[in-house]
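Notes follow the structure.
The values are calculated or read from the model by the stated rules, or taken from the named source; none is laboratory data. It should be emphasised that the depicted structure is a prediction, and the values quoted were computed from it without experimental measurement. Ideal geometry is used to build each Cβ from the backbone, glycine not excepted, and the neighbour counts take in all protein chains shown.
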Amino acid sequence: MVLHSVLSVLSSHDVEVAETLIGVLNFLLIFVAARTLAELLVRLHLPTIVGELLAGVLIGASGLHLLVPPSTHSHLNEGLVSLISALASIPPEAVPDLYYETFPSLQAVATLGLYALLFLTGLESELEELVAVGVQAFTVAMAGVVLPFALGTFGLMALFQVELIPAIFAGASMTATSIGITASVFGELGYLKTREGQIVIGAAVLDDILGIVILAVVVALATGGNLEIAPIVKLVVAATVFVVLAIVLSRTAAPAFDWVIDRLKAPGAVVVASFVILVLCCFIATAIGLEAALGAFAAGLILSSSKNNHAIQQSVLPIVTLFATIFFVLVGAGMDLSVINPLDPASRSALVVAGFLVVVAIVGKIAAGWAFWIDKPTNRLVVGLGMMPRGEVGLIFLGLGTSAGLLSPSLEAAVLLMVISTTFLAPLLLRLVLKDKTPGGGNSIPDDVAANPVGLV
C-alpha cells in the first residue's frame with residue numbers, strides 16, 4: 001500500500017527513470033566490486049569465485065548496504081537513496097519501494113546464471129574420465145558424500161538441536177567437491193594426469209551428481225512441507241532416474257543434437273540450441289517435482305558427449321561469467337555476518353557451529369582419501385585434500401538453500417564460512433604437500449585415458 005500511495009503522485013516517466021537508474025547502478029556495483037576482488041584473489045593464486053562472494057558481503061547487508069536483497073530486511077545506504085532521488089527527481093522515501101519492487105528482475109538474471117553454471121558443470125563431467133580409476137573414484141566419492149553428510153547432519157541435530165530439514169541441508173552442502181579448483185591446482189603442479197589426480201577428478205564428478213540429487217530432494221521436500229516416507233522415496237527415485245536417464249541420453253541424444261546443429265546455418269545456433277535443451281530439462285525437472293537446478297545439470301550431462309562440446313562451452317562461458325557473477329554476489333549480499341560476530345556474546349554459539357562444520361567438512365573429505373583399495377603406491381593425503389574444496393558447487397548449494405528459506409541466519413553464515421574455509425585451505429594445503437615433488441612412482445595415467453576437463457586447465 002505504501003508503494004502505491006507514493007507512486008500515485010509520481011509521473012510514469014519519473015518512475016521509469018528511477019527504475020532504470022536502480023537497475024544500472026545494481027549491475028555497476030556488482031561487476032565493479034566482483035571484478036576488483038576477483039583480480040586481487042587471482043594475484044594471490046586463489047579462486048575468483050570467492051572474490052565474487054566477498055564482493056557481495058562488502059556491498060551487501062553485512063557491509064555498505066548498497067545491494068540489499070528484500071529478504072534481509074535491511075535499510076538501503078542513505079547515500080545511494082539520495083543519489084537516485086536527485087537523479088530521478090523523486091522523493092527519497094519512494095526510492096526504497098521502487099528498489100525492492102525491481103529487485104526480482106535482478107534475482108531472475110542471477111537464477112539464469114546459476115542454471116548456466118550448472119549446465120557448464122554437467123558439460124565438463126566427461127564420463128569417460130572414470131574409466132582409468134573407476135572403482136577407486138567411486139569408493140572415494142561415496143565416502144566423500146556419506147561421511148560429511150552423516151557427520152554434519154546428525155552432529156547438528158545431536159549437538160546443536162538443529163531441526164531436521166536445515167540439518168540435512170547443511171549436511172548436503174558438505175558433500176560437494178569443486179572440480180575446477182582441484183583440477184586447476186593439479187594441472188599447475190603437473191599432477192592432473194597422475195593416479196591421484198584421476199581419482200579425485202572422477203570422484204568429484206560423482207560427488208557433484210550425488211550432491212545435486214540430494215539437494216534436489218531436500219529442497220523439493222522442504223518446499224512441499226511433507227516429511228512422510230513415501231514422498232521422500234518418490235523424490236529420491238525420481239531424482240535418481242532423472243540423472244541416470246540423462247547419462248543414457250548423453251550416448252543417444254547427443255548425436256541427434258549434433259545432427260541438428262550440423263544443419264543449422266543461422267549465427268548462434270549452438271548456444272540457442274543448447275539453451276533449448278537446458279530450458280526443456282529444467283521444465284521437465286520442475287514438472288515432476290524436482291528442483292530446476294537438477295534439470296540444468298542434467299542438460300549438461302546429456303550434451304557432454306556431443307562433438308560440439310567445446311563449442312557449447314565456449315558459447316556458454318561468457319553467459320556464466322556475467323550472470324553467475326551476479327548470482328554469487330547476491331549470495332554474499334544476502335549474508336548477515338553479524339550473527340557470527342565474535343565480540344557479541346549472543347553470536348558465539350553460531351561461531352561454534354561454524355567451527356564444527358569446518359572440522360567435519362575437512363575431516364570427512366580427507367578420510368575419504370583412505371577409503372579405497374589399490375595395489376599401487378598412491379598418496380592418499382593428496383586424494384583427500386583434493387576432495388576438500390567446496391568452491392562454486394558449495395556456493396550453489398548455499399544459494400539454493402537461501403532462496404528456499406531453509407536456513408536460519410546463523411546456520412546460513414556457518415555454511416558460508418565452511419565453504420570459504422575449505423575453498424581457501426585446499427589449494428594452499430595441496431601446494432604445500434606437493435611442493436617440490438614431481439609425479440613419480442609409475443602413477444602416471446596414459447594421455448589417451450587421462451581426465452583433462454575442458455576449460456579448467
* Looking only at region 38-54, and only at residues there that are touching a Gly at 6+ places or on another chain (Cβ under 9 Å) and under 15 Å from P389 (Cβ atoms), the one that is surrounded by the most Cβ atoms within 10 Å (Cβ to Cβ) -> L53
* To do: Spot the failing condition for H75; the list is (1) modelled with pLDDT of 85 or more; (2) over 24 Å from F323 (Cα atoms); (3) outside any loop (DSSP other than H, G, I, E, B), and only one is missed.
  => (3)
* Go through A266, A293, A285 for me and flag whichever is farther than 18 Å from L400 by Cβ and modelled with pLDDT under 90. => A266
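Assess whether I340 counts as being in contact (Cβ under 8 Å) with a residue 60 or more places away in the chain, assigned by TED's automatic domain parsing to the domain that holds I396 and out of contact with any Gly (no Cβ under 9 Å at 6 or more places or on another chain).
Numbers: in contact (Cβ under 8 Å) with a residue 60 or more places away in the chain: yes; assigned by TED's automatic domain parsing to the domain that holds I396: yes; out of contact with any Gly (no Cβ under 9 Å at 6 or more places or on another chain): yes.
Criteria met by I340.
Could you tell me whether L294 is under 17 Å from M418 (Cα atoms), crowded, with 19+ Cβ neighbours inside 10 Å and of a type in the set (A, V, I, L, M)?
Values: under 17 Å from M418 (Cα atoms): no; crowded, with 19+ Cβ neighbours inside 10 Å: yes; of a type in the set (A, V, I, L, M): yes.
When the stated conditions are applied, L294 does not pass them.
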* To do: Could you tell me whether G56 is under 19 Å from the mean Cα position of the chain (by Cα) and either closer than 21 Å to N341 by Cα or assigned to a loop (DSSP other than H, G, I, E, B) (or both)?
  => yes
* **Of the criteria (1) surrounded by fewer than 22 Cβ atoms within 10 Å (Cβ to Cβ); (2) at negative phi; (3) not small (G, A, S), which one H73 fails** => (2)
* Structure fact -> Across (1) in contact (Cβ under 8 Å) with a residue 24 or more places away in the chain; (2) closer than 20 Å to C282 by Cα, Y100 clears everything bar (2)
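Where in region 367-440 are there helices (runs of 4 or more DSSP H), lying wholly inside it, with at least 2 residues that are more than 23 Å from the chain's Cα centre (by Cα) and modelled with pLDDT of 85 or more?
Details: elements: 380-386, 391-403, 409-434.
Once the helices (runs of 4 or more DSSP H) in region 367-440 are filtered for at least 2 residues that are more than 23 Å from the chain's Cα centre (by Cα) and modelled with pLDDT of 85 or more, what remains is 380-386.
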* **Criterion violated by P318 - all others in (1) under 21 Å from the mean Cα position of the chain (by Cα); (2) in contact (Cβ under 8 Å) with a residue 24 or more places away in the chain satisfied** => (2)
